[in-house]
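Data first, discussion second: the structure below is written as C-alpha cells.
The values are calculated or read from the model by the stated rules, or taken from the named source; none is laboratory data. For clarity, every value in this text was computed on a predicted model and none was experimentally measured. Glycine gets a Cβ as well: all are built from the backbone with ideal geometry, and neighbour counts include every protein chain shown. Note: areas computed on protein heavy atoms with side chains; ligands, DNA, RNA excluded. Shrake-Rupley method; radii C 1.70, N 1.55, O 1.52, S 1.80 Å.
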Amino acid sequence: MKPNFTFLLALLSTFLTSSVFAEGQGQTIRGTITDKQSQALLPGATVLLLHTDPLLGATSGTDGQFKITGVGPGRYDLRISYLGYKEVVVPNVVVTSGKEVVLDLGMEENIHSINEVVVAGAKNNETHNDMATVSARSFTVDDVNRYAGGRSDPARLAANFAGVSAPDDSRNDIVIRGNSPTGVLYRIEGLDIPNPNHFATVGTTGGPVSAINTNLLRNSDFFTSAFPAEYGNANAGIFDLGFRNGNSEQREYTVQFGALTGLEAVAEGPLNANRGSSYVIGYRYSFTGFAQQLGIPIGTTATPYYQDLSFKITGGDSKFGRFTLFGLGGTSSISFLHTQIDSTDLFADPTKDSYFISNIGLAGLKHFIRVGSRSYFSTVLGATYSSSVFNQDSISKSDQSATRILENRSTQVHYTVTTAFNSKINSKLFLKIGVQDELINENLFYRQLIVNNQWNQIWDNNSYTSLIQGFAEFKYSFTEKLTLNAGVHSQWLTLNNSTSVEPRIGLKYQLNKRNTLSLGYGMHSQMQPADVYYYRALKADGTYDDSNRNLGFTRSEHFVLGYDLLPAPEWRIKAEVYYQFLSDVPVTIAPSSFSMLNSGASFNPNNQGFLVNSGTGTNYGVELTAERFFSKGFYGMITASLYESKYKGSDGIERNTAFNGNYVYNILLGKEFKIGKEKRNTLSADVKMTQAGGRYYTPVDLAASQAAHQEVLKGDAYAFTARNPDFYRLDVKAGYTHNSKRRKLSQSLFFDVQNVTNHQNVFAVRYNPVTNKLSTAYQIGLFPNFVYKVQF
C-alpha cells in the first residue's frame, strides 16, 4: 500500500506561493447566528469579544453573519445578545495566526413574561441537539486535542466522561455504564455508521485506530442514557458527530505529523465566495512503522498500515435549499507472522500466521430547505460500506509449512434515506418528526478447517434486509425554568418482522441560576450484530441450524435522575443516579452462562447458535463530575462512577458481566502559559490520571488446553469469576504553539507521554501453545507520542 503523495505535493506548492507570506493584520472571528430551533437567520444580533481593550465586536447582517477582524492570538469569550432571545456566552474561542475562526451559533427565544426573570443561556457543554435532557454532553475539537492520552481520538476523549470506562490501550471500545460496546451507535452528519474505525470487524463498534479525522470535526454530542427519540437501534449510547464546513472566504491549509497518526494534510476554501459554498478535505497516512523504529511500543511487533480520506462540500443557499456532500473512506491492513513476534505481543499466535485487511466508507448527500419562517426539512441520502478479510495459516513445527485453517470475509453495505420535519410552533413548543429507511446487504463467508479438507461453514450468506425507523418528539417550555422533552421511537426489522415502540421523556427544572434538577426515562431496542443473525450452528448429523435469524431486538429501559450545581463562575458539579433494565437478551436454549451482553469482550466473533431472547441484565450506579471550565489559563475535571453490571443467562444464575469494573475515576488538569513579548505564543501542560476496576473474565482450563493444544476456557461454573487487577494509567502532555506576527502561520508541537509510570496493566491471561503454560499479556507500557502541526 503506497501513500498518495500527489495531494501532499500540491499542498506544498500552494504553501510556497500562498498568502502565508503576507503581512499579518490580526485574525478574524466570523460566523452565522440563527434561531436554534427554526434555523431562521437573526439579523441585528450583537456580538462582543469580552475582556478586549478596546472592546471588539460586530453586529450580524441581514444574512445573520458577523465578522470581527484584527483579533490577536489567544482564548476569548464571545457574548451574543439579541432582543427577545436568551443571551449566549461562548467560552474559550481559540484564535491562532494560522486559521480563521468560523462559528455557527444558535440562540433560544425567551418565553418569559415582562415580570419574569430572564434565565441566561449557557454554552459550556451545551449539546448541539436541543432535545437532550439527561446524560448528554457536547465536546469540541479543542477538547479532543487538549487532553493528555487522547491520541486525537473522539472515542478515547469520551472515556474521560462520567459513566464511561475504557481500560484497554489496544482498542477504543466505549463501555457506557457497564453496557457492551456493541450497544453504541455512531452517527456522522446524520448517517448511521456501524464502525468508524480502522481494523474494524463485523459485529463491533471499536478498533485500534479511529478513521475520524479530528481536524474536520465540529462540536459534537455524546449521550450515555435515555437519549432523544430521534435515535434508535442502540441500547448503550450515541456518538453524534459532524464535519465542520470549510472556510467560505479564503483558502487555508493544515499539515500535521504524528508518530501514531502519521502524515496528515487538510485543505479548505471557497468554491463560490458569493454564494458561501466551500470545501474541506483531509488525508492521513500512517507511519506506525516509523514509530516502531523509534522504539515506541504499539502492542505488537507487526506493522499496521492505514490511511483515510474525509471531505465535506457545502453548497450555498438557493431557492432549492442547501445541499451538502460529505464522505469518509479508509483502508487498513496488518500481518501477524510467527517469525516476527515476541512474548509481549498482544494479538499474535506463535504457531500461526494471520493476515487482516479492513476497509470502510461513507458517502452522503444532505439537503436542507426552509418551509416558511419557522420550519424546515432536513434530508440525508447516503450509504456506508465496511469489509474485512481475515485468513489464518497453521505453521507446521517440523518443516514450517503453512496450512490454511481459517477464512473469514465480510462485506456490509447500508443504503440509507432519512428525512425529518422540524417546526418551531411558537416560543414554547418545538416539534420534530422523521423517518429512516436503511437497506442492508450482508455478504458473509466464514469457515474453519476441521480435519484434512473438511470445513465447518460458519457463515455463508448474501442477502438483504431493511431496518425502518420512525420518530416524533417535541420540546415544550412551560416557563423559562421548566422544560419537557418527550417523544416516541419505533422500528421494524424486515428480516424477521421484529418491531418495537419506545417512549422517551425528559423533564428539566431550573430551581434557580445555580441549581437544576433533571429526570429522564427511555425505552430502547437494538438489533443483533450481523455475525449473530447469520451464524450457522453445526448439528450432529452434519447439517446446519440457522435459527438465530429469528432473534428479536434486545430491549432496555433507562431511568435517570440528575442534579446540576454551579457553585461559582466557571465551575460545575453534576451528579446522576441511573438504573437500566435489559430484557430479551439472546442466550442459549440449553441452560448456560452465555449472554450477548458480554459481546465485544474479546476479539473473537460471536460464534454461538441456538439462541433465544430470554436473557436479562441490570446496570445501576451513581456518577459525579466536578469541572472547572478553561478560564484564565487553567482547567480541571474530576469524573467518578460507582456501578454494578449484572446479567442472567439461560441457567438463571446472576453473574458479573465482562464489563463490570465496579468503579472508574479520572482526574484531568491543565495549565496554559502565554509567553513572548506580546504574549502571542503559548506553553501548555496537561495531566490525566485514570483508575478503573479490573474486568471479570472466564479463566482458562489449563489441563484441557494442554490436551487440545489450544485455549479452552473453564465451564459455566467459572464464568466471569476471575478478575484482572485494577487498571491504572498516568498520562502527561506538554505543548508549545507559536503564532507568527508577520505571517498568517501558526505552528504547534506536542509531546504526549502515556502511562508515564510504566504501570503493568494486564491485558489477558491466556494459554501459550509454545510453552504449554499460561502466560500473562500486558497492555502497552510507557508510550511516548509526538505531534507537529502547522496551519496557514
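Counted by Cβ distance under 12 Å from ALA704, the other residues give a net charge of -1, where Lys and Arg count +1 and Asp and Glu count -1. The phi-based Karplus calculation (6.51 cos²θ - 1.76 cosθ + 1.60; θ = phi - 60°) puts the 3J(HN,Hα) values of the stretch 262-269 at x, 8, 9, 9, 10, 10, 8, x Hz, whole numbers, x for Gly and Pro. At a probe radius of 1.4 angstrom, the accessible area of the stretch 699-751 per residue rounds to 55 square angstrom.
Quarter the surface of the alpha carbon convex hull of the stretch 444-487 and you get the mean projected area, 6.2 square nanometres.
How about LYS679: which aspartates and glutamates have a C-alpha closer than 16 Å to its C-alpha, ignoring those fewer than 8 places off in the same chain? Leaving aside aspartates and glutamates fewer than 8 places away in the same chain, those within reach of LYS679 are ASP53. Under conditions of 25 °C and 0.890 mPa s, the chain yields 89 µm² s⁻¹ as its translational diffusion coefficient, taking Rh as the Kirkwood radius over Cα pairs in the Stokes-Einstein equation. Pairs with C-alpha atoms separated by more than 23 Å, drawn from the list LYS688/LYS741; LYS86/LYS424; LYS86/LYS312; LYS397/LYS773; LYS481/LYS632, are LYS688/LYS741; LYS86/LYS312; LYS481/LYS632.
Each Lys or Arg adds one and each Asp or Glu takes one away; over the other residues whose Cβ falls under 15 Å from the Cβ of LYS424, this sums to +2. Per-atom-type breakdown for the stretch 601-693 gives carbon and sulfur 60% of the accessible area (1.4 Å probe, protein chains only). Note on LEU439 and ASN452: the extension gain reaches 0.7 nm, defined as 0.36 nm multiplied by sequence separation minus the Cα-Cα distance. A simple spin-label model places the labels of ASN550 and SER631 6.1 nm from each other, with each point 7 Å out along Cα-to-Cβ. In the stretch 639-699, taking the dipole from charged Cβ atoms about the Cα centre, the farthest positive-side position among GLY694, SER684, GLY670 is held by SER684. Just going by the charge dipole of the chain, with Lys and Arg at +1 and Asp and Glu at -1 on Cβ, which of PHE222, VAL560, GLY98 is farthest out on the positive end? Farthest along the dipole direction, towards plus: GLY98.
Residues whose amide H lies under 5 Å from that of PHE786, counting only those 5 or more places away or on a different chain, are ALA259, LEU260, ASP752; hydrogens are built 1.01 Å from N in the peptide plane. Over the residues of the chain, the helix contribution to mean residue ellipticity at 222 nm works out to -1500 deg cm²/dmol, using -39500 (n - 2.57) for each DSSP H run of at least 4. Once Rg and the Kirkwood radius are both taken over the C-alpha atoms of the stretch 621-675, their ratio Rg/Rh works out to 1.32.
Mean projected area of the convex hull spanned by the Cα atoms of the stretch 644-719, taken over all viewing directions: 9.3 nm².
When you work out D = kT/(6 pi eta Rh) for the stretch 323-454 at 20 °C and 1.002 mPa s, using the Kirkwood radius from C-alpha pairs as Rh and the Stokes-Einstein form, the result is 113 µm²/s. Other residues within the sphere of radius under 15 Å centred on the Cβ of GLY652, judged by their own Cβ, net out at 0 (K and R +1, D and E -1).
For the chain, the longest principal axis of the Cα atoms and the long axis of helix 5-17 meet at an angle of about 20 degrees. In a reduced charge model with +1 at each Lys and Arg Cβ and -1 at each Asp and Glu Cβ, the stretch 510-558 shows a dipole moment near 460 debye about its Cα centre. Dividing the Cα radius of gyration of the stretch 699-755 by its Kirkwood radius returns 1.52 for Rg/Rh. In plain terms, the chain from GLU654 to ARG79 could stretch by 201.7 nm, reckoned as 0.36 nm per residue minus the Cα-Cα distance. Working note: Cα gyration tensor of the stretch 416-469, eigenvalues times five, square-rooted, sorted largest first, giving semi-axes of 49, 10, 5 Å. Rounded to the nearest 5, the antiparallel percentage of DSSP beta bridges internal to the chain is 95%. Our analysis of the stretch 477-569 gives Rg over Rh at 1.29, with the two radii drawn from alpha carbon positions and Rh computed by the Kirkwood formula. Placing one equal scatterer on every Cα of the stretch 596-713 and applying the Debye formula, the log10 ratio I(q)/I(0) at q = 0.09, 0.12, 0.16 Å⁻¹ is -0.49, -0.70, -0.92.
Evaluated at q = 0.18, 0.26 Å⁻¹, a Debye calculation over the C-alpha positions of the stretch 370-441 (equal weights, vacuum) places log10 I(q)/I(0) at -0.82, -1.08. For the stretch 35-47, the Karplus equation 6.51 cos²θ - 1.76 cosθ + 1.60, evaluated at θ = phi - 60°, returns couplings of 5, 4, 8, 8, 6, 6, 5, 10, x, x, 6, 9, 10 Hz by residue, with Gly and Pro reported as x.
Relative to the 2.2 N^0.38 Å rule of thumb, the stretch 118-259 has a C-alpha radius of gyration ratio of 1.06. Under a 5 Å amide H cut-off, with hydrogens placed 1.01 Å from N, PHE763 pairs with ALA777, TYR778, GLN779 among residues at least 5 apart or on other chains. Applied to the stretch 223-238, the Karplus parametrisation 6.51 cos²θ - 1.76 cosθ + 1.60 on θ = phi - 60° returns per-residue 3J(HN,Hα) values of 10, 10, 5, 6, 6, x, 5, 6, 9, x, 6, 7, 10, 10, x, 10 Hz, with x for Gly and Pro.
Working note: Cα atoms of the stretch 49-104, range along each principal axis, descending, whole Å: 34, 22, 20.
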